[in-house]
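Coordinate-derived values only; no laboratory data. What you see is a predicted model, and the numbers here were worked out from it, not measured in a lab. Neighbour counts run over all protein chains shown; Cβ positions are idealised from the backbone, glycine included.
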Amino acid sequence: MDLDKLMNKHLTRAFDLSKTIPEETLQQLLRFLRSAPTSVNIQPNHFYVLATAEGKKQLTDNLGERFQDNSEKILNASHTIILTTRADVPESHLEDVFNKESADGRFPDPAKNALWQSMTRDFLNLRNYSYKDLNHWMEKQTYMVLGMTMMAAAELGVEATPLEGFDPTSVDKAFKIRETGHTTTVLLTLGYPDPAKVYNSPISRFEADRLFTFV
């Protein structure tokens, strides 16, 4: 990965409609998305991959009136992913996580497996009852997954631009997301830049002495 190039580029605001991500590259990116870590392996996400013009239009029709400036980005992107987050952690989801970990042999020692499950339950109870921020905490996991996927996309030569300009209630309704126990958190557009609309101006960031404190 060319970090210098990555540090000096703007996010893509205009995609080239004529260019589509090759299927092999897309599947590689989705495998990475599936593998991205979350705290206590809670895996609170479901991802809607919009690969067709119809799917992308369904999204843009439900962004909300004030967010229509994002429509062109979505429609011209090769793919757009709706990243959703669980609204809570029911026992059924937790059991699914534990059962998959056991099936995959994550903790082959039964004693360590039992300890891990106990610690996970204690941590979730802390978030749910003491900090009372369970949903907010799970959304943090979604954003961690988002950031890592953007870096993976860059490694694969794909532009990735996150979008928060949308009405989550409208998007949830259009794709029947809340019926699954999830809600929309953020969107990720993927594709290749329109060469006629690439930003060539320098990026602007604060100097290091303002941003870093060494202790």
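Couple of notes before you dig in:
- Counting only residues at least eight positions apart within a chain, or on another chain, the aspartates and glutamates with an alpha carbon under 16 Å from that of residue 19 are 72, 159, 194.
- Principal-axis tilt of helix 23-35 within the chain, Cα atoms, nearest 10 degrees: 40
- Between the stretch 151-169 and the stretch 64-102, the C-alpha centres lie 12 angstrom from each other.
- Within the chain, helix-based [θ] at 222 nm, where runs of 4 or more DSSP H residues each add -39,500 (n - 2.57), nearest 500: -13000 deg cm²/dmol
- Under the simplified labelling scheme, the residue 173-residue 118 pair shows an inter-label distance of 4.8 nm, with each label point 7 Å from Cα along Cα→Cβ.
- Paramagnetic reach from residue 107 (point 7 Å along Cα→Cβ, amide N under 17 Å) across the stretch 41-56: 41-43
- Relative contact order of the stretch 95-184, pairs being alpha-carbon contacts under 8 Å that are 6 or more residues apart, as %: 10
- Flagged links, alpha-carbon separation over 23 Å, of 56/176; 140/197; 56/197; 57/173; 56/100: 140/197; 56/100
- Residue order, fewest to most surrounding Cβ atoms within 10 angstrom, among 199, 192: 199, 192
- Taking 121, 66, 205 as the candidate residues, the one with maximal mean-square fluctuation in a Gaussian network model of the chain, Cα springs under 10 Å, is 205.
- Residues 7, 151, sorted so that the one with the fewest Cβ neighbours within 10 Å comes first: 7, 151
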